[in-house]
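Here the structure is laid out as structure tokens; the discussion comes afterwards.
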Amino acid sequence: MIKCKLLFFTVLLNLNFLVQAKESPLTIGWQLWYPYQYYDGLGITGIDVDITRLIFEKTKQPIEFIEIPWKRHLPFLEQGRLDVAMGATKNSSREKFAVFSIPYRKEFINIFTLSKNKTKYKLSTISDIEHSTYTIAIETGYDYGPNVSSIVNNPKNSSRIIYTKTIEHSVKLLLDEEVDVVFADCVGMKAFTNKYHIDNEIFKHPLTIQEADIHLMFSKKSSKHIDIKVINEAINQILKEGLFADLNSTEASLMKR
């Protein structure tokens with residue numbers, strides 16, 4: 001009889017553990033990165049946030065958004081203290097501690113100047129900017145792809161690269177003519193200039209420095225069950241059903257302006 005009670009108690013514990021494990025949400029870091037991730041007064045929203053919600057609604061996995069700066073987000077992901085990062089580019093360094101979903105959107109890095117100087121800078125190729133003397137502002141802490149890395153990591157260019165913490169800082173330096181150009185995400189810059197009604201003051205140069213695939217990034221040390229195959233199936237299904245269309249149309253419309 002005692003053995004039966006112990007067995008019953010053990011089964012209850014196991015079932016309780018399974019229920020808790022199933023309901024335990026994946027923790028997803030976010031930071032203010034308009035229009036991809038931001039707080040609108042009602043809750044966390046943005047292109048990346050809304051797409052991520054759609055993905056996990058398909059997989060029926062509960063999620064929890066936690067605000068954290070990107071600089072801390074990456075080590076937390078590496079340590080397994082956070083489960084997921086949105087809006088991530090894939091590189092060999094990150095693949096050491098993370099697994100990536102298939103891409104769910106594209107990112108375009110462009111050169112921005114003051115509109116009044118738009119004919120001043122003659123740039124036809126990446127090499128032109130790499131070997132120029134123009135001063136450049138760029139937000140620190142992000143992977144903008146190999147073309148940008150080849151420019152900013154070249155020791156010959158160190159004196160003309162100014163790293164900023166926010167796009168606001170980069171734009172301020174440009175408006176104050178303390179830098180010649182800004183490297184920035186095309187959609188993020190356009191959303192920023194729209195928001196502050198300075199569209200006419202900032203010019204997007206036609207040369208695209210980098211085009212990159214954007215993924216969800218998952219911690220290899222996460223204690224949660226993460227099935228990347230299921231995640232990828234959800235992304236493919238959403239793409240096929242056109243459920244990203246309204247979200248991506250925001251991005252597309254910003255890029256066309």
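Read-outs throughout are calculated quantities, based only on the coordinates presented, and are distinct from any laboratory measurement. Remember, it's a predicted structure, so these values are computed and weren't measured experimentally. So basically every Cβ, Gly included, is an ideal-geometry build from the backbone, and we count neighbours across all protein chains shown.
Tabulated values for the structure
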{"item": "Environment charge at Gln31 (Cβ cut-off 10 Å; Lys +1, Arg +1, Asp -1, Glu -1)", "result": "+1"}
{"item": "Calculated from backbone phi, Karplus (6.51, -1.76, 1.60) coupling profile of the range 235-243 in Hz, x at Gly/Pro", "result": "4, 4, 5, 5, 4, 5, 7, x, 6"}
{"item": "Table column - 3J(HN,Hα) (Hz), the range 127-132, Karplus curve with 6.51, -1.76, 1.60, x for Gly and Pro", "result": "4, 4, 6, 5, 9, 8"}
{"item": "Residues with amide H under 5 Å from that of Glu139, placed H, sequence gap 5 or more", "result": "Thr164"}
{"item": "The range 107-212, relative contact order [Cα under 8 Å, separation at least 6], %", "result": "54 percent"}
{"item": "Pair Glu64, Arg160: separation of 7 Å Cα→Cβ label points (nm)", "result": "4.9 nm"}
{"item": "Three principal axis lengths of the range 38-138 [C-alpha, angstrom, descending]", "result": "52, 36, 24"}
{"item": "Nearby lysines by direct alpha-carbon distance to Lys120 (threshold 16 angstrom, same-chain neighbours under 8 apart not counted)", "result": "Lys204"}
{"item": "Per-residue ³J(HN,Hα) for the range 185-196, Karplus 6.51 cos²θ - 1.76 cosθ + 1.60, θ = phi - 60°, Hz, x for Gly and Pro", "result": "5, 4, 6, x, 5, 5, 4, 5, 5, 5, 4, 9"}
{"item": "Label-to-label distance, nm, for residues given as His169 and Ser92 (7 Å Cα→Cβ offset)", "result": "3.0 nm"}
{"item": "Residues Arg105, Arg53 arranged by fewest to most Cβ contacts within 10 Å", "result": "Arg53, Arg105"}
{"item": "Unsatisfied cross-links (Cα-Cα over 29 Å) in the set Lys58/Lys195; Lys122/Lys190; Lys165/Lys240; Lys106/Lys229", "result": "Lys58/Lys195; Lys165/Lys240"}
{"item": "Size-normalised alpha-carbon gyration radius of the range 133-180, reference 2.2 N^0.38 Å", "result": "1.10"}
{"item": "Cα pair distances exceeding 24 angstrom across the range 107-212, given as percent", "result": "12 percent"}
{"item": "Cα Rg over Rh - the chain, Kirkwood", "result": "1.08"}
{"item": "Estimated inter-spin distance, Ser124 and His205, nm [label 7 Å along Cα→Cβ]", "result": "1.4 nm"}
{"item": "Added length on full extension, which subtracts the Cα-Cα distance from 0.36 nm per residue, Thr133 to Ile198", "result": "20.8 nm"}
